[in-house]
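Participant: Would you mind keeping the following structure in view while I ask a few things?
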Amino acid sequence: MEIKLASWNVNGLRAVAQKPEWQEWFAQDRYDVIGFQETKAEVAQIPEEIVNKPGYHSYFASSKVKKGYSGTAVFSKLEPLAVEIELPDPEFAQEGRIVHLEFEHFHFFNGYFPNGGGEVLDENGKPIKGEFKRVPYKMGFFDCFFNYAQKLRETKPIVVCGDFNIAHKEIDLARPKNNVANTGFLPIERAFLDKFTAAGYIDTFRHVHGEVKDRYSWWSYKMQARKKNVGWRIDYFFVSDELKSHIKDAAIEDQVFGSDHCPVSLTLEF
């Protein structure tokens, strides 16, 4: 039995739904489970033909703190055993960032993990290099997620996908030296992924493809970054080590357009 999963930060589900590239991709029905991030919408704002995609169950998380912000969604051919929206800690359950489904073989998390942005200014109003307002919240969110995943992992393996807003290693972005003081590549952020992988979570793309270079999942809209492939790999599928023998394939679908991110995918075999 194969289970095919996909993840895509669509940068606005209502906007991307107007684009032929997304429509073609979404209509293919290639995947058993699809996670979208940065949907920027409540369920009532999404076209009914998307919400009720034939053959799929759909689940949505939307921001309670600001409309049109953040948001995640999961479409699944497999009916889950349980559904949970957001993390269990109220401090990290306000921005529509997590949809958690329990399936027969694993717990599945679709996450839009926080960006660390927002410059911290000195007394003269100038940005302090390497300091960002949302980094403490971002790291708290990651710790909360990690602790919860570890607890659930005691009974069933973990699959987590989404936009992690972190490039793990220098190979994971085109210009590492230029970004060592930028959020998304700060030492404290990268250290979380060190901790995560050390705890037995496998970066499935690297597991399948090794240290292949120039493979990214996000490109700025500025300076023709995607055309020049000046990107970052910040979208992942991780699985806990118990699923290592079940990894059949993992891919970055960088020929699929419609967003500033592209889809990433994972195939598991049971």
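Participant: Consider GLY111 against the criteria (1) small (Gly, Ala, Ser); (2) surrounded by fewer than 21 Cβ atoms within 10 Å (Cβ to Cβ); (3) closer than 18 Å to HIS261 by Cβ; (4) modelled with pLDDT of 95 or more: it satisfies all of them except one. Which criterion is unmet?
Facilitator: If we test GLY111 against (1) small (Gly, Ala, Ser); (2) surrounded by fewer than 21 Cβ atoms within 10 Å (Cβ to Cβ); (3) closer than 18 Å to HIS261 by Cβ; (4) modelled with pLDDT of 95 or more, just (2) comes out false.
Participant: Could you say which residue among ALA225, ALA191 is of a type in the set (A, V, I, L, M, F, W, C), modelled with pLDDT of 95 or more and under 19 Å from the mean Cα position of the chain (by Cα)?
Facilitator: Selected residue: ALA191, the only one of ALA225, ALA191 that is of a type in the set (A, V, I, L, M, F, W, C), modelled with pLDDT of 95 or more and under 19 Å from the mean Cα position of the chain (by Cα).
Participant: Residues in segment 71-109 that are within 17 Å of SER58 (Cβ to Cβ) and part of a strand (DSSP E or B): how many?
Facilitator: Total meeting the criteria: 16.
Participant: Inspect segment 238-248 for any residue being hydrophobic (A, V, I, L, M, F, W, C), touching a Lys or Arg at 6+ places or on another chain (Cβ under 8 Å) and either without any contact (Cβ under 8 Å) to a residue 24 or more places away in the chain or not in a strand (DSSP E or B) (or both) and give the result as yes or no.
Facilitator: Scanning segment 238-248 turns up no residue that is hydrophobic (A, V, I, L, M, F, W, C), touching a Lys or Arg at 6+ places or on another chain (Cβ under 8 Å) and either without any contact (Cβ under 8 Å) to a residue 24 or more places away in the chain or not in a strand (DSSP E or B) (or both).
Participant: Which residues, counting only those in segment 130-170, are outside any helix (DSSP H, G or I) and exposed (fewer than 15 other Cβ atoms within 10 Å of the Cβ)?
Facilitator: Hits for segment 130-170 are GLY130, LYS133, GLU154, THR155.
Participant: Also, I was wondering about something else. Within the group ARG226, ARG215, ARG233, which residue is of a type in the set (Lys, Arg), touching a Lys or Arg at 6+ places or on another chain (Cβ under 9 Å) and surrounded by fewer than 22 Cβ atoms within 10 Å (Cβ to Cβ)?
Facilitator: ARG215
Participant: Of the conditions (1) surrounded by fewer than 16 Cβ atoms within 10 Å (Cβ to Cβ); (2) more than 23 Å from GLU131 (Cα to Cα); (3) among the hydrophobic types (A, V, I, L, M, F, W, C), PHE205 satisfies every one except a single condition; which number is it?
Facilitator: (1)
The values are calculated or read from the model by the stated rules, or taken from the named source; none is laboratory data. The shown structure was predicted, so the numbers you read here are calculated from the model rather than taken from an experiment. Here the Cβ is made from the backbone with ideal geometry for all residues, glycine too, and neighbour counts use every protein chain on show.
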